[in-house]
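Worksheet for the structure shown next.
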Amino acid sequence: MHYRTLTIATAAVLIGSWTSAQAQTNIGSFRVWNAYTAEAAYGKVCFIASQPQDSRYSQSVSARDPVFFMITSVPARSIQNETSTIIGYALAQDAHVTVDIDGQKFELFTDYSDAAWARPEEEAALVAAMKAGTRMTVQGKSRRGTITTDIYSLLGVTAALDKIASECS
């Protein structure tokens, strides 16, 4: 779990500074998915990221931080295709983050901050479903009780994954 927390924190910093060319290098755009590399103290980090094409809310919201779904690889830490989301708000203590890919469901675990990760034993199946799918929804619940549903296109995800695999092998 320590590496997972560190990886998502690194990716959050990198994504938080999209405009800083020193933080990460965009190595390709593939429809709605972008591929990046970055150097960290522990070695090279490669990740793909996308933002939802649409978001729906159970009640009106006044603000929300940026939302991303990411897949990260860190060869020096033996991390390959770690799937995670930054959901853009503090999750409720009883929150379950659910990913639905064309009817196939996965439950992500959280630390009740603003991030959630796939269970390691389900990551390969989640990535395979993303590669085969066309649409992904991510549903979570905020500390204020708002249920969010973020809708992602999966167009380009396979090409983006192929790109980071060639960069971080």
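The values are calculated or read from the model by the stated rules, or taken from the named source; none is laboratory data. Note that this is a predicted model, so its numbers are computed, not measured. Positions of Cβ are generated from backbone atoms using ideal geometry, with glycine treated the same way; all protein chains shown enter the neighbour counts.
When the residues of the stretch 29-47 are filtered to those that are of a type in the set (A, V, I, L, M, F, W, C) and in a loop (DSSP other than H, G, I, E, B), the one that is surrounded by the fewest Cβ atoms within 10 Å (Cβ to Cβ) is Ala41. Right, Ser153: surrounded by fewer than 18 Cβ atoms within 10 Å (Cβ to Cβ) and in contact with a strand residue (DSSP E or B) (Cβ under 7 Å, 6 or more places away or on another chain) or not? Against the criterion (surrounded by fewer than 18 Cβ atoms within 10 Å (Cβ to Cβ) and in contact with a strand residue (DSSP E or B) (Cβ under 7 Å, 6 or more places away or on another chain)), Ser153 qualifies.
Do you know which of the residues in the stretch 100-118 that are assigned to a strand (DSSP E or B), free of Cβ contacts under 8 Å to residues at least 40 places away in the same chain and touching a Ser or Thr at 6+ places or on another chain (Cβ under 8 Å) is surrounded by the fewest Cβ atoms within 10 Å (Cβ to Cβ)? Write out each step before concluding.
Taking the stretch 100-118 and keeping what is assigned to a strand (DSSP E or B), we get 100-101, 104-110, 115-117.
Now drop any that are not free of Cβ contacts under 8 Å to residues at least 40 places away in the same chain, which leaves 100, 104-110, 116.
Filter once more, keeping what is touching a Ser or Thr at 6+ places or on another chain (Cβ under 8 Å): 100, 105-108, 116.
Values: Asp100: 17, Lys105: 11, Phe106: 20, Glu107: 13, Leu108: 22, Ala116: 26.
Checking each candidate, the answer is Lys105.
Residue by residue through the stretch 48-71, note down the ones that are assigned to a strand (DSSP E or B) and surrounded by 14 or more Cβ atoms within 10 Å (Cβ to Cβ). Answer for the stretch 48-71, where residues must be assigned to a strand (DSSP E or B) and surrounded by 14 or more Cβ atoms within 10 Å (Cβ to Cβ): Ile48, Ala49, Ser50, Ser55, Phe68, Phe69, Met70, Ile71. Scanning the stretch 110-145 for residues that are farther than 23 Å from Ala76 by Cβ, β-branched (Val, Ile, Thr) and at pLDDT 95 or above turns up Thr134, Thr137, Val138.
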